[in-house]
Structures are given as C-alpha cells and as structure tokens.
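Quick note: the coordinates plus some simple rules give every number you see, no bench work behind them. Quick caveat: nothing in here was measured; it's all calculated off a predicted structure. Here Cβ is always computed from backbone atoms with ideal geometry, including for glycine, and neighbour counts include all displayed protein chains.
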Amino acid sequence: MSADSTVQPLNWSGATILTMSSPEPPGLAVCTNKLYMAWKANDASNRLYVAASSDGTTWGSEQVLDKLSPAGPALAAHGNTLFMAWQANDASNAIYASSSADGAFWSVSQKLDWTTPKAPALAHFNAQLLLAWTANDASCRLYSALSRGGSWSMAQGLTEMSPEGPSLAADSSKVYMACTVGPPGNAIFVLSSPDGKTWNVAQRLADSSPKRPALALCKGTFYMAWTANDASRSIYVASSSDGATWSAAQKTLFSSSQAPSLIEFSNKLYMVWIGDDASNRLYIACVQP
C-alpha cells in the first residue's frame, strides 16, 4: 500500500501516568458519553477491573470484577450497553462474554463456543457485535463471529493467521481488522469486510511489530498504533481515510513492550499504553486530529 506523505504530524499531548497498572494492554470503549477502560490486575490474581472517565483525565473508582483472565479483556459499546470478552483463566482458554449498563454491575459470565490463547477483539458494527480471535492451536488461524440480540453466529475461519490475535475498528460500511503475522518478519496486515463474514485478501503494510497493532476510527479517519519491531520499542502511528492506503508511520515520543490501545472520545484520539519499565503503569495521551 502506498503511503500518503501529505498527512500532517500528530501533536500528541504529554503522557499522563495513571494509577492503574497491568502487564497486558487494556480494553477501551465509549458508552453514554464516558470513556471506559478494562484491564487485568498487575499481579498473579489475574482479576479484571473497570474504570470510567467523563473527560479522559479524571477517572472514577476502580470496579473489581468477579472475572479473571491472563490477558487484557476486549471492550466495546453496543447501544447504551458495554460488552466485554476475555480469555478464560484456566487451561481451557475458553472465551467468555459479559455485559453491563453502567460498567459497575456486570451480567453473569457467558461461556462461548470458542477458545483462544490470546485476548480476543470486539467491535460494534452494523447494529451487531463482532468478535475476532486467534485459534487455540498451532495454526494461529483467525476467526470471527457476530452477535445480534445475544445469539452468536457460527465462527467464520479466515485465511489469515496471527499468533498475537487481531484488532478491530469499523465505520458505517465496513469493519477492518489488523494483525501481525508473527516471526520472523512480524509484518502488519490489514483486511476488511462489508458484513463481518466475508473478508477481503489481507494487505501488507510496510511496517512490522511483535505485538498486535491497535485500530480506531476518529472523525472519519482510521488510525493504527503499534510497537516498533526493534529494541527501541517506540510507538508508531499511521492513518488512513479508507482503510486501504495508509500514511507513512509517525514515531511518537512514547514506548512500550506491549501493544497500545486506541479510541475516539470527545472528538479526540486517545491512546493508552503500558510504561516501558517494570512498574507496568498505564499511561494516556490524546491528540486532536
């Protein structure tokens, strides 16, 4: 994919250190005019937490959930309801899901029919929820499924593979998926679907990352963020007006050993990432595109 060299640099705000910490990327979603974040504990309990912010700066009390996972949970808003999906905290690697109207009280965990060794991805698309994940076997094949009204479709197997799992973002006409194919090259690929069932042939970007890239739609433009495929672990960002042609990668002042998370909130693009040190503290920054 050719790069658009005319894109203006993104002027990110300074990084703010949050009180939360986690060894895994958090899930982000916007619901009822609040920014929600879900993350796994920074200890062996693997307990999941949720917090909300009305301005992206000040966060409410941390809600301790009765749910456990070795990976960060996926979060998405569907109407005025939050949905969460996560990998089971046992050898089954089953995918579970739950919903909440306020981020504090969550429904009983629903065990789905699928398994994954990594965090799944969730997105709202075409009045449905789309779930995507990587296979719980050596194939690392990617799968997706749709839910409308609480019932899930059959899983759709994609031809693409990723050991790190996918990320998702959607506009009104298509849903996009980004992933890394893993070593040795760790190349980043993007693919799209008009219905969440039939996916086009994946397009390879010029960039690479050892972790799954993050995707978000902000003010009609898609943004992708990823950790560099080198010792610097710098976070890079690229943008696209159509999900097919991406700008040249822009290096930020931030770095992380894990994948960042992206979300649009209050007409700004927010990024959350894990600090590049042993504390695993979470950081947040925003930009007005």
Starting from the Cα of K197, draw a straight line to each of the lysines and keep only those under 25 Å, dropping any in the same chain fewer than 8 residues away.
K111, K118, K174, K211
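Report the full-extension gain for the segment S151 to D137: residue separation times 0.36 nm, less the Cα-Cα distance, to one decimal in nm. Write out the running numbers ahead of the final one.
Working: separation 14, 0.36 × 14 = 5.04 nm, distance 2.52 nm.
My answer for the length gained is 2.5 nm.
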Search the structure for amide H atoms under 5 Å from the amide H of A71, placed 1.01 Å from N in the peptide plane, and list their residues when 5 or more places away or on another chain.
Q87
Rounded to whole Hz, the Karplus (6.51, -1.76, 1.60) HN-Hα couplings of segment 69-85, x for glycine and proline:
7, x, 10, x, x, 9, 9, 8, 9, 10, x, 9, 10, 8, 10, 10, 9
Charged-residue dipole, Cβ positions (Lys, Arg, Asp, Glu), segment 158-223 about Cα centre, Debye nearest 20:
80
Let me check I've understood the local charge: for A228, count other residues with C-beta under 12 angstrom from its C-beta, Lys and Arg +1, Asp and Glu -1. What total comes out?
0
Scoring the chain by relative contact order with C-alpha pairs under 8 Å, at least six apart, yields a percentage of 16
Report the local net charge at L253: Lys and Arg +1, Asp and Glu -1, summed over other residues whose C-beta lies under 15 Å from its C-beta.
+1
By per-residue mean of other Cβ atoms within 10 Å, what is the highest-first order of 50-57, 119-126, 182-189?
119-126, 50-57, 182-189
Wrap a convex hull around the Cα atoms of the chain, take a quarter of its surface area, and give that in square nanometres.
13.5
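Tell me, what is the FRET efficiency for D230 and A101 to the nearest 0.05, using R0 = 45 angstrom and their Cβ-Cβ distance as r? Can you show the working numbers first?
Working: r = 44 Å, r/R0 = 0.97.
The calculated FRET efficiency here is 0.55.
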Length gained if Q203 through S92 is fully extended, taking 0.36 nm per residue and subtracting the Cα-Cα distance, is 36.7 nm
